[in-house]
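Notes follow the structure.
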Amino acid sequence: MKNINPTTTKAWKELEDHFGKIENEHMRDMFKNDADRAEKFTIKWEDFYVDLSKNRITEDTRDLLLKLAEECKLEEAINSYFTGEAINQTENRPVLHTALRAGKDAEIKVRGENVIPEVEEVKTRIKNFSNEIIGGNRKGYTGKPFTDIVNIGIGGSDLGPVMVTESLEFYKNHLNMHFISNVDGDHVHETIKNLNPETTLFVIVSKTFTTMETLSNASTVREWFLKSVPEEEVSKHFVAVSTNLEKVEAFGIDPKNIFPMWDWVGGRFSLWSAVGLSISLAIGYENFASLLEGARKMDDHFKTTAFKENLPVQMALLTIWYNNFFKAESEAVIPYSQYLDKFPSYLQQAIMESNGKSVDRNGEKVDYETGTIIWGEPGTNSQHAFFQLIHQGTKLIPADFIGFKESLFGDKGHHDKLMANYFAQTEALLNGKTSEKVELELKSKKFSQEEIDRISSFKVFEGNKPTSTLLVDKLTPESMGKLIALYEHKIFVQGIIWNIFSYDQWGVELGKQLATKILMEFANRNVDEHDSSTGNLLKYYLS
């Protein structure tokens with residue numbers, strides 16, 4: 001990939017000039033002056049209707065952002081991304097989670113070898129294993145079918161599976177799903193306290209089988225299991241997703257129950273792999289396959305669609321526009337579906353761990369903003385929590401509103417109330433409420449002029465708050481696959497424009513190293529040299 005500092009491009013300079021001209025324009029006027037604005041900034045693709053018109057952009061803005069993408073060689077980078085080039089250059093690895101959903105007829109080479117046959121083989125193993133567990137044909141050590149599945153992992157080995165499992169809970173089968181991630185002992189003990197070892201299957205997910213949190217939790221679970229079960233029965237109740245066969249076998253897991261991972265799949269993008277075994281167990285392999293198919297369709301859209309109509313490209317360029325020109329540091333993701341409760345948390349890891357970088361691909365310190373702070377909560381809960389800040393606070397917070405035309409249980413009354421709020425909030429954030437309208441409302445309620453003068457300023461809404469509206473026909477495994485892949489590719493585009501490596505995460509290493517050192521100090525009951533704050537805290541903890 002070409003390493004291009006975006007601020008040195010002609011398009012960036014033109015965007016700076018353009019920003020100065022439209023910075024204070026109100027979207028109310030943009031809509032008033034262009035009757036076709038909504039249509040011009042709406043992208044319709046399959047079951048997705050994405051309205052980007054409530055953003056502080058003009059057609060000139062879009063054209064200049066597209067020019068920036070062109071100057072940063074985005075098209076060439078997309079080709080490198082999908083064809084297996086080692087674009088994760090600090091680890092000398094390809095980034096090919098897209099290969100996991102490419103389809104059996106694809107050909108994608110890593111180090112000269114087509115990886116698709118191996119991917120398909122693992123899918124077949126996931127399918128067969130899932131069907132055996134769900135159908136009750138594979139049983140625990142006493143011959144009883146499994147009733148509970150516990151996924152033990154952290155980061156992408158937890159967030160992806162738990163997010164998708166909860167998002168698609170409507171499609172879930174009879175198995176009870178549990179997820180253990182935090183090394184907090186209260187978490188693991190709370191999870192297992194009511195489980196029956198005879199009917200519980202544990203899925204340990206760790207690429208290296210050395211991750212401290214995962215191995216600590218797995219060992220605690222194993223000890224709990226062995227309190228009532230002979231050690232030779234471990235192999236019937238524990239499976240692993242890992243590359244470290246030796247350590248997994250030493251744990252007591254049958255080699256036949258080890259599902260492989262690949263170094264060209266980053267953890268936070270790994271739910272499409274055997275890391276998604278818990279998803280397949282929860283919703284059945286056919287639904288898991290539909291999830292993969294949805295992602296594949298979004299991959300094809302991203303690869304082949306002109307940038308002007310390309311959903312990941314357009315949404316990524318909006319982030320660049322707000323982050324680098326408006327200096328908006330955060331973005332909210334507001335799903336109007338309780339099923340998507342964990343989707344903002346999932347995106348926090350995917351986006352902030354990927355693009356939270358301050359060194360560019362040339363190894364030089366950047367002098368422009370990269371990354372955004374991602375946060376959110378389902379509507380309508382969020383309206384009663386933080387929407388006050390978005391509506392009347394001092395910060396500009398672009399927000400993605402995600403909604404569905406059809407509810408899953410078919411309760412139209414509830415769904416209409418939910419969606420009325422979904423549409424009303426984006427309209428309110430766009431238009432706000434002027435002082436003139438506030439005064440008219442107060443007069444209609446018989447407020448005196450003195451009262452109006454005293455309180456009207458508190459009731460004014462500035463509006464001009466940007467939102468992107470993603471309206472999907474229905475929450476299905478396939479549409480969920482499309483939605484996740486949309487944001488994955490958005491991350492990629494942002495990283496290319498910002499000239500950073502999105503697929504390493506060295507920032508998590510230092511804290512791990514220091515934690516290991518401090519654990520040794522705990523064992524020795526001796527505090528070594530630290531800064532005075534940390535030293536005092538450690539001494540107090542050990543006292």
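The values are calculated or read from the model by the stated rules, or taken from the named source; none is laboratory data. Just so it is clear, the model here is predicted, and its values are computed rather than measured. When we count neighbours, we look across all protein chains shown, and the Cβ atoms used for this are built from the backbone with ideal geometry, even at glycine.
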Inset, instruction - Kindly indicate whether Asp473 is of a type outside the set (Val, Ile, Thr), within 35 Å of the chain's Cα centre (by Cα), at pLDDT 95 or above and surrounded by fewer than 21 Cβ atoms within 10 Å (Cβ to Cβ). - result: yes
Inset, instruction - Select from the range 1-42 the residues that are at pLDDT 95 or above, crowded, with 17+ Cβ neighbours inside 10 Å and out of contact with any Pro (no Cβ under 9 Å at 6 or more places or on another chain) and list them in ascending order. - result: Ile4, Asn5, Pro6, Thr9, Ala11, Leu15, His18, Met30, Arg37, Phe41
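Looking at the range 155-177, which of the residues that are assigned to a loop (DSSP other than H, G, I, E, B) and at pLDDT 95 or above is nearest to Gly481 (Cα to Cα)?
First pass over the range 155-177, keeping only residues assigned to a loop (DSSP other than H, G, I, E, B): 155, 168, 172-175.
Keeping just the survivors that are at pLDDT 95 or above gives 168, 172-175.
Details: Leu168: 11, Lys172: 16, Asn173: 19, His174: 22, Leu175: 22 Å.
Once the filter is applied, the top-ranked residue is Leu168.
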Legend entry - Subset of the range 284-321 (residues that are under 19 Å from Glu71 (Cα atoms) and of a type in the set (Phe, Trp, Tyr)): Phe302, Phe307, Trp321
Inset, instruction - Mind listing just one residue for me: the one in the range 151-185 that is among the hydroxyl-bearing types (Ser, Thr, Tyr) and touching a strand residue (DSSP E or B) at 6+ places or on another chain (Cβ under 6 Å) and, of those, farthest from Val205 (Cα to Cα)? - result: Thr165
Legend entry - Subset of the range 12-56 [of a type in the set (Ser, Thr, Tyr) and touching a residue at least 12 places away in the same chain (Cβ under 8 Å)]: Tyr49, Ser53
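Go through the range 74-122 and give me each residue that's of a type in the set (Val, Ile, Thr), part of a loop (DSSP other than H, G, I, E, B) and in contact with an Asp or Glu (Cβ under 8 Å, 6 or more places away or on another chain).
Quick first cut of the range 74-122, residues of a type in the set (Val, Ile, Thr) only: 78, 83, 87, 90, 95, 98, 108, 110, 115-116, 119, 122.
Subset that is part of a loop (DSSP other than H, G, I, E, B): 87, 90, 95, 108, 115.
Thr90, the sole residue that qualifies.
Matching residues to (1) at negative phi; (2) crowded, with 24+ Cβ neighbours inside 10 Å; (3) in a helix (DSSP H, G or I); (4) touching a residue at least 60 places away in the same chain (Cβ under 8 Å):
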position	(1), (2), (3), (4)
Glu286	yes, no, yes, no
Ser290	yes, no, yes, yes
Ala295	yes, yes, yes, yes
Met298	yes, yes, yes, yes
Pro312	yes, yes, yes, yes
Leu318	yes, no, yes, yes
Legend entry - Hey, Ser444 surrounded by fewer than 11 Cβ atoms within 10 Å (Cβ to Cβ) and modelled with pLDDT of 95 or more or not: yes
Inset, instruction - Could you run through the range 178-217 and say how many residues are part of a helix (DSSP H, G or I) and closer than 17 Å to Gly276 by Cα? - result: 1
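Trp272 - would you say it is at pLDDT below 95, under 30 Å from the mean Cα position of the chain (by Cα) and of a type outside the set (Ser, Thr, Tyr)?
Numbers: at pLDDT below 95: no; under 30 Å from the mean Cα position of the chain (by Cα): yes; of a type outside the set (Ser, Thr, Tyr): yes.
Against the criterion (at pLDDT below 95, under 30 Å from the mean Cα position of the chain (by Cα) and of a type outside the set (Ser, Thr, Tyr)), Trp272 does not qualify.
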